[in-house]
Amino acid sequence: MKVNFSVASSEFEARKFANYIKNYTKGYDDLMFRGLGVSISEDFYVRIKSEEFSVIKEELLLIISSSGNSNALENQLPLIISGWESFEESLFDALNKVTSHEVIGTFDCFLLSFYKSGGYNVNSNTLWIYFKEGDYYGIIHELFHLHYWKIWDSLFKDYDRDKAWKLSEVVVELVLRDSEVSRFLIPDRRKLVFWDEVQSLADKVLPLWSEHGGFDSFLKESAGLSGVYSYP
């Protein structure tokens, strides 16, 4: 297997959750819109947002552990792994074909039990995701990001990182809805949708995807069109 699965420790999840609140939410309503395994109060949200992790760590760990979701996830883990093993090789073959780049290396996937989010770390080839039974979309989504940035960094050296991140969120949805890849998604996930934040960029890039002559050329054209990278 190229992907190694484990249930995230409470501290790992607490750190990711606190980081998400600090850096990716504007207010308590953002957090409630995203969804949680267990609700937290608005007062505690404000404290997580403003205080050092070491100050709120124990309270957050208690909330996570008291949910009991981690134990349930541990029990589900063999079934999750078995489901993934049934299509992993075919999925990687599909990603290789769509991008014309081989997916390289092995990956560590940490399953979250507390809040519904995901992320990845390119430097350590790790990803983390809240797993909903039978739905591997989130894992494939974050996994593709790791593959994508290896390709991207081989093509571009200096670029606007914020715009590059937004473009990555468009490209991942396009690739996952390619007929080679979408067969690994449950039917409800096969419709092409974008975050509101990147919809206008997606509208610009979508015509390029429909007629591109190769994944590298598509990225180069998209980077220029979206202002991510300017060729000399």
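The values are calculated or read from the model by the stated rules, or taken from the named source; none is laboratory data. This one's a predicted model, so the numbers in the text were calculated from it and none came from an experiment. Every residue, glycine among them, receives a Cβ derived from its backbone with ideal geometry; neighbour counts consider all protein chains shown.
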Conditions (1) touching a His at 6+ places or on another chain (Cβ under 9 Å); (2) at pLDDT 95 or above; (3) surrounded by fewer than 16 Cβ atoms within 10 Å (Cβ to Cβ) -> Ile104 fails only (2)
Could you please give the count of residues in the stretch 152-196 that are surrounded by fewer than 17 Cβ atoms within 10 Å (Cβ to Cβ) and of a type in the set (Val, Ile, Thr)?
2
Odd one out for Leu127 among (1) modelled with pLDDT of 95 or more; (2) surrounded by fewer than 20 Cβ atoms within 10 Å (Cβ to Cβ):
(2)
Helices (runs of 4 or more DSSP H) (entirely within the stretch 4-115) containing at least 1 residues that are touching a helix residue (DSSP H, G or I) at 6+ places or on another chain (Cβ under 7 Å) and farther than 15 Å from Trp128 by Cα:
10-24, 28-34, 42-50, 53-66, 88-99
Considering only helices (runs of 4 or more DSSP H) wholly within the stretch 126-218, the ones with at least 1 residues that are aromatic (Phe, Trp, Tyr) are 137-155, 161-176, 199-211
Quick one: would you say Gly83 is without any contact (Cβ under 8 Å) to a residue 40 or more places away in the chain and not acidic (Asp, Glu)?
no
